[in-house]
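Down below is the structure, laid out as structure tokens.
The values are calculated or read from the model by the stated rules, or taken from the named source; none is laboratory data. Since the model is a prediction, treat every value here as computed from it, not as a measurement. Don't worry about glycine lacking a Cβ; one is built from the backbone with ideal geometry, like all the others, and counts go over all protein chains shown. To get the accessible areas, we keep the full protein, side chains included, count just its heavy atoms, and leave off ligands, DNA and RNA. Shrake-Rupley method; radii C 1.70, N 1.55, O 1.52, S 1.80 Å.
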Amino acid sequence: MINATQLIHSIPTDPLTGSLSVPIYQTSTFVQDAPGVNKGYDYARSGNPTRATLEDIISTLEEGTTGIAFGSGLAAIDAVLKLLKSGDEIVAVDDIYGGAFRLFTHVYEKFGIKVHYTDTTDAANVFNAITPNTKLIWIETPTNPTLKISDIKAIAAIAKAHACWLCVDNTFASPALQQPLLLGADIVVHSATKYLGGHSDLIAGLVVTKEEALGAKIKFIQNASGAILSPFDCFLVIRGIETLQLRIKQHCINAQIVAKFLQDHPQVKNVFYPGLATHHNHHIAKKQATGFGGIVSFTLKDDTQEAATAFVTNTRYFKLAESLGGVKSLLCHPAQMTHKSIPSEKRKAAGVADSLIRLSVGLEEADDLLKDIKQAFEKIQQVCKEKFSHVESITN
Ligand SMILES: *Cc1c(COP(=O)(O)O)cnc(C)c1O
């Protein structure tokens, strides 16, 4: 885990005024002493002191050289894709974030960029998918919503041997648990909307590069394409990061308790959580991260959308919403929400069963969360009984 003291003190005090919190420079432009002579800033798309502070902080936390802040996680991903040109190819994790899949497939394939999706939980599959045109390997670990784990170090070695970049979407782990650049990755991206912001009150994205030259290229794209993060949202992400370590610790503790509880529950079929010894790549998660995160997914023995709907509409503390990583617990039903647009057979093949439910375990008391889950399971039984009695009344 990142050292909490270092994390807290990576956030600077204002050298001009001594302000303990980072000031919000809400301005579009900066007065120049003479043409081209300024105090380091000229126009706020190109650079803003509040944003520069956030960019330095995330670069420090990921142990890279360059941080670059964007208006959303997808804008950050988009900026990385713009490093490529027509004819280049990407090897990507098959269980990729839906928005990234949409961007790769429906925007970039049109410009002649080819994407090969493969199961990156086995690094040999990455090796086999590489062609002479591969420029970028794209992984998420853990993935959404089935929490698959890929070996960053092994895949980084493959990337290096083939002279392509490895980009890791580190949204689920956050730098508090996992630092991909130290394991050999070239680029890290974040949806700072999730754990970094941490309070479900903003949309933001971040990129960090290991090498300065690559960072300069993405900074150029940030200014050229213009999808920057606003000063106020930069301030909010910085404020979120102040408590990242403390929040992540508790997310991990609560999620482990919830995962164990689900694993022992008679109405549950499978639990997906890298912190369980039964998880397929538990040993890799243990090796490359200092904790297993706050997201837990599970399927029901009654593997139907109806049963899942009964569950997700009957919790009190787990609020039904897309997104994750905030203080309040959330849950979602991917088959009807985030993965609705994927044809049913394809969705199931990717491990997203009809009854799969994803929990973003928040910072409430773990006991209250377990009580909430217990009573939702009882509601499913009631719904099923009603369904059964309805069938009986028809047959009678
Ligand atoms: C949410 C998310 C994104 C997209 O980020 P936005 O901030 O919503 O644009 C990308 N990757 C992962 C893993 C995510 O969870």
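Considering 69, 79, the condition of being within 16 Å of the ligand (Cβ to nearest atom), in a strand (DSSP E or B) and on the phi < 0 side of the Ramachandran plot is satisfied by 69 alone. Taking the stretch 82-100 as the range and being away from the ligand (no atom under 12 Å from the Cβ) and either under 16 Å from residue 206 (Cα atoms) or in the same structural domain as residue 339 (by TED's automatic domain parsing) (or both) as the test, the residues that pass are 82, 83. Go over the candidates 50, 13, 60, 17 one by one and state the one that is open to solvent by 60 Å² or more (accessible area, probe 1.4 Å) and not in a loop (DSSP other than H, G, I, E, B). Of 50, 13, 60, 17, the one residue that is open to solvent by 60 Å² or more (accessible area, probe 1.4 Å) and not in a loop (DSSP other than H, G, I, E, B) is 60.
Restricting 251, 190, 265 to residues that are in contact (Cβ under 8 Å) with a residue 40 or more places away in the chain, in a strand (DSSP E or B) and open to solvent by less than 50 Å² (accessible area, probe 1.4 Å) narrows the list to 190.
Being under 14 Å from the mean Cα position of the chain (by Cα), in the same structural domain as residue 187 (by TED's automatic domain parsing) and not hydroxyl-bearing (Ser, Thr, Tyr): is that true of residue 75 here? Against the criterion (under 14 Å from the mean Cα position of the chain (by Cα), in the same structural domain as residue 187 (by TED's automatic domain parsing) and not hydroxyl-bearing (Ser, Thr, Tyr)), residue 75 qualifies. The condition (being among the hydroxyl-bearing types (Ser, Thr, Tyr), touching a Phe, Trp or Tyr at 6+ places or on another chain (Cβ under 7 Å) and outside any helix (DSSP H, G or I)) is satisfied by just one residue among 341, 323, 297, 355: 297.
Among the residues of the stretch 346-367, is there at least one that is assigned by TED's automatic domain parsing to the domain that holds residue 280, loosely packed, with under 13 Cβ neighbours inside 10 Å, among the charged types (D, E, K, R) and over 25 Å from the mean Cα position of the chain (by Cα)? Within the stretch 346-367 (the criterion being assigned by TED's automatic domain parsing to the domain that holds residue 280, loosely packed, with under 13 Cβ neighbours inside 10 Å, among the charged types (D, E, K, R) and over 25 Å from the mean Cα position of the chain (by Cα)), the answer is yes, since at least one residue qualifies. Output yes when any residue across the stretch 205-221 is among the hydroxyl-bearing types (Ser, Thr, Tyr), modelled with pLDDT of 95 or more and closer than 23 Å to residue 358 by Cβ, and no when none is. No, every residue in the stretch 205-221 fails to be among the hydroxyl-bearing types (Ser, Thr, Tyr), modelled with pLDDT of 95 or more and closer than 23 Å to residue 358 by Cβ. The single condition among (1) open to solvent by 30 Å² or more (accessible area, probe 1.4 Å); (2) farther than 30 Å from residue 326 by Cβ; (3) among the small types (Gly, Ala, Ser) that residue 123 does not meet is (1). Whether any residue in the stretch 150-161 is touching a His at 6+ places or on another chain (Cβ under 8 Å) and open to solvent by less than 10 Å² (accessible area, probe 1.4 Å) is what I want to check. Checked the stretch 150-161: no residue is touching a His at 6+ places or on another chain (Cβ under 8 Å) and open to solvent by less than 10 Å² (accessible area, probe 1.4 Å).
Of the numbered criteria (1) within 16 Å of the ligand (Cβ to nearest atom); (2) open to solvent by 20 Å² or more (accessible area, probe 1.4 Å); (3) farther than 30 Å from residue 231 by Cβ; (4) outside any loop (DSSP other than H, G, I, E, B), the one residue 103 fails is (3).
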